[in-house]
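Trainee: The following block contains the structure, expressed as structure tokens.
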């Protein structure tokens, strides 16, 4: 019986292209981590993550070749990483970074699974989801064992179930009425977005201090300032509700100015983080029931979007922004046909 060939859908092409770009970036970052990490327990987690990225790249390359689709350029050791650069990140930062990237990976892979129809693509992303879950487990265990795991705020256990009995529950903007206390769902998203911005601010600071270009330094520092501003806004909301916002002083970078990564890679990385942040804010806005929280997430998302747009402009002007696969431009085809005639 002849096996039926099924072409990849646009969603599947988008998934494997995005995965290749992210994994090629991760392999460069993790290869550098392996050269500079000192703690053996943390090194084991870095090695596990590096091996995942390397394996993913091999599998994705095979898919591209079998489908006769050009393999993305992505990022390479030859062009985008200096493995001999001095240490830029502390071990606790590396571990926290891996834990955070595992969270982003869980969101990403679950979406890729749900968008895929072909058996082999679904199998690849189901396996990726399992591997990323294991990465989160391993990194969390080491964070906990070293006292570095930052827990979400505690609240008193509820004593009964209840129903919302007033539309005032949804309000939060009126200066004439007292805001209701935050609920657990809203607290969890505020906490998560504080943690995300802490990582983002440190990355922006590190990338600014290693870039030789003034325009990139300014853009990175601006990104760090935006993250710090958002951290303060979310922290103030928690504090007003008598909830202490957790933070870690161990998430740090060194004073090294030797670039371990190309500007192309650091710009892509910050753009990736910006996209993830916008997605987090959209999820938080949808889950939050107080109108002031919704308004905050919407206006802060616009600020991130403008920052990301300015970053994309820098990347385009330097020919660093790789174009995703797309549909054929019919106008160009028509013009080409007319010229040939």
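The values are calculated or read from the model by the stated rules, or taken from the named source; none is laboratory data. A quick note: this is a predicted structure, and the numbers were derived from the prediction, not measured. In this analysis, Cβ positions are derived from the backbone assuming ideal geometry, glycine residues included, and neighbour counts consider all displayed protein chains.
Trainee: Is there a residue being without any contact (Cβ under 8 Å) to a residue 12 or more places away in the chain and within 14 Å of residue 98 (Cα to Cα) anywhere in the stretch 12-22? Before the answer, list the steps.
Mentor: Filtering the stretch 12-22 for residues without any contact (Cβ under 8 Å) to a residue 12 or more places away in the chain gives none.
For the stretch 12-22, residues without any contact (Cβ under 8 Å) to a residue 12 or more places away in the chain and within 14 Å of residue 98 (Cα to Cα): absent.
Trainee: For a quick check of your reading of the model, give me the residue pairs whose first member lies in the stretch 211-234 and is over 19 Å from residue 191 (Cα atoms), whose second is outside any helix (DSSP H, G or I), with beta-carbon atoms closer than 6 Å and at least 6 apart or on different chains.
Mentor: 217/211
This table checks each residue for (1) modelled with pLDDT of 95 or more; (2) at positive phi.
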| site | (1), (2) |
| --- | --- |
| 134 | yes, no |
| 147 | no, yes |
| 151 | no, no |
| 158 | no, no |
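Trainee: If you go through the stretch 80-102 one residue at a time, how many are within 18 Å of the chain's Cα centre (by Cα) and closer than 19 Å to residue 21 by Cβ?
Mentor: The number of residues fulfilling the criteria is 5.
Trainee: Here's something else I'd like to know. Pull up the stretch 119-152, narrow it to residues that are in a loop (DSSP other than H, G, I, E, B) and out of contact with any helix residue (DSSP H, G or I) (no Cβ under 6 Å at 6 or more places or on another chain), then point me to the one that is farthest from residue 193 (Cα to Cα). So that I can check it myself, show each step before the final result.
Mentor: Of the residues in the stretch 119-152, the ones in a loop (DSSP other than H, G, I, E, B) are 146-152.
Imposing the further condition that a residue be out of contact with any helix residue (DSSP H, G or I) (no Cβ under 6 Å at 6 or more places or on another chain) reduces the set to 146-147, 150-151.
Details: 146: 23, 147: 21, 150: 13, 151: 13 Å.
Per the stated criteria, the residue is 146.
Trainee: Also: For residues that are buried (at least 20 other Cβ atoms within 10 Å of the Cβ) and not in a helix (DSSP H, G or I), tally how many sit in the stretch 37-66.
Mentor: 1
Trainee: Quick check on my filter: what residues within the stretch 295-314 are in contact (Cβ under 8 Å) with a residue 60 or more places away in the chain and either surrounded by fewer than 18 Cβ atoms within 10 Å (Cβ to Cβ) or within 30 Å of residue 74 (Cα to Cα) (or both)? First the steps, then the outcome.
Mentor: Of all residues in the stretch 295-314, those in contact (Cβ under 8 Å) with a residue 60 or more places away in the chain come to 295-296, 300, 303-304, 307, 310-311, 314.
Hits for the stretch 295-314 are 295, 300, 303, 304, 307, 310, 311, 314.
Trainee: Something else now. Which numbered condition trips up residue 260, out of (1) modelled with pLDDT of 95 or more; (2) under 25 Å from residue 151 (Cα atoms)?
Mentor: That leaves (2) as the condition not met.
Trainee: Assess whether residue 168 counts as being in a helix (DSSP H, G or I) and assigned by TED's automatic domain parsing to the domain that holds residue 93. Write out each step before concluding.
Mentor: Working: in a helix (DSSP H, G or I): yes; assigned by TED's automatic domain parsing to the domain that holds residue 93: no.
For residue 168, the condition - in a helix (DSSP H, G or I) and assigned by TED's automatic domain parsing to the domain that holds residue 93 - is not met.
Trainee: Among what's in the stretch 234-253 and is more than 23 Å from residue 206 (Cβ to Cβ) and surrounded by fewer than 18 Cβ atoms within 10 Å (Cβ to Cβ), pick the residue that is modelled with the lowest pLDDT.
Mentor: Within the stretch 234-253, the match that is modelled with the lowest pLDDT is 244.
Trainee: Inspect all residues belonging to the stretch 269-289 and state whether any of them is touching a helix residue (DSSP H, G or I) at 6+ places or on another chain (Cβ under 7 Å) and assigned to a loop (DSSP other than H, G, I, E, B).
Mentor: Checked against the condition, which is being touching a helix residue (DSSP H, G or I) at 6+ places or on another chain (Cβ under 7 Å) and assigned to a loop (DSSP other than H, G, I, E, B), the stretch 269-289 yields at least one hit.
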